[in-house]
Amino acid sequence: MTASAGEAHDGTGRWSVAGPVLTVLSAAAVGGFLTGAVLGEGERDLPQGLFLAAAFVLLGAGAFAATWWWNRRRAAKFGMSAGRYLRVGRLIRRGEAPDDPTERAAAVDIAARMRRALGSSSRRWVWWLVGAGALLWFVSGVFLVVDGSYGRASYNLVMAGLLLVNPLAIRGRRRRMKAAERALGTRPPSATPPSV
């Protein structure tokens, strides 16, 4: 990638941030409103829903800003913009490697951090916690259905389902991680050559 192409891509990368920001803030607003207005105790409380929507939007904006700041610091270590660094991260998450040699060092760093994150999430006690959390959400959802609180019951059942989908998502991430490491020419830490 030439310097002018890189600068042009970085310029479009700034505009591509607007989509994820709006998505995060919209999801936070809807989630906060539903939590306050629909899932509250007793009758629907619209002011409480609006208050929680505003609180969730502020929390979402703060989390997004902190993530962006952290990614800018990481990107500066490799001499690139945060948008370009995030694009390299998306390539690695899809199981691909960047063609630009200046992005390879950042790609190797991102792959190593993702490998560590996947290793910590594959411990046995993590799976026990995920299973126990899914069971608690499911049982409480069933009790809420029996009690007639269908709004809160559906929320609990959706949360149980999301926890159960997590192992499948991690398996796919692990497969794409191996493909990205092959494309980068790196090996995971456990892949040591056999002793003679």
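Structure data summary
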| read-out | value |
| --- | --- |
| Per-region count, the range 57-67, residues open to solvent by 70 Å² or more (accessible area, probe 1.4 Å) and either touching a residue at least 12 places away in the same chain (Cβ under 8 Å) or closer than 13 Å to GLY32 by Cα (or both) | 2 |
| Matching helices (runs of 4 or more DSSP H) fully within the range 64-152 where at least 3 residues are closer than 19 Å to LEU163 by Cα and of a type outside the set (D, E, K, R) | 101-121, 124-147 |
| Residue within the range 88-95 that is of a type outside the set (Ser, Thr, Tyr), open to solvent by 40 Å² or more (accessible area, probe 1.4 Å) and without any contact (Cβ under 8 Å) to a residue 40 or more places away in the chain present | yes |
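For (1) out of contact with any helix residue (DSSP H, G or I) (no Cβ under 9 Å at 6 or more places or on another chain); (2) touching a residue at least 60 places away in the same chain (Cβ under 8 Å); (3) of a type outside the set (D, E, K, R), each residue gets a yes or a no:
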| position | (1), (2), (3) |
| --- | --- |
| ARG74 | no, no, no |
| ASP100 | no, yes, no |
| ARG104 | no, yes, no |
| VAL108 | no, yes, yes |
| ARG115 | no, yes, no |
| LEU118 | no, no, yes |
| LEU136 | no, no, yes |
| SER140 | no, no, yes |
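The values are calculated or read from the model by the stated rules, or taken from the named source; none is laboratory data. The structure presented is a predicted model; accordingly, all values stated were derived computationally and were not measured. So basically every Cβ, Gly included, is an ideal-geometry build from the backbone, and we count neighbours across all protein chains shown. Just so you know, the surface numbers come from the protein's heavy atoms only, side chains and all, with ligands and any DNA or RNA stripped out. Shrake-Rupley method; radii C 1.70, N 1.55, O 1.52, S 1.80 Å.
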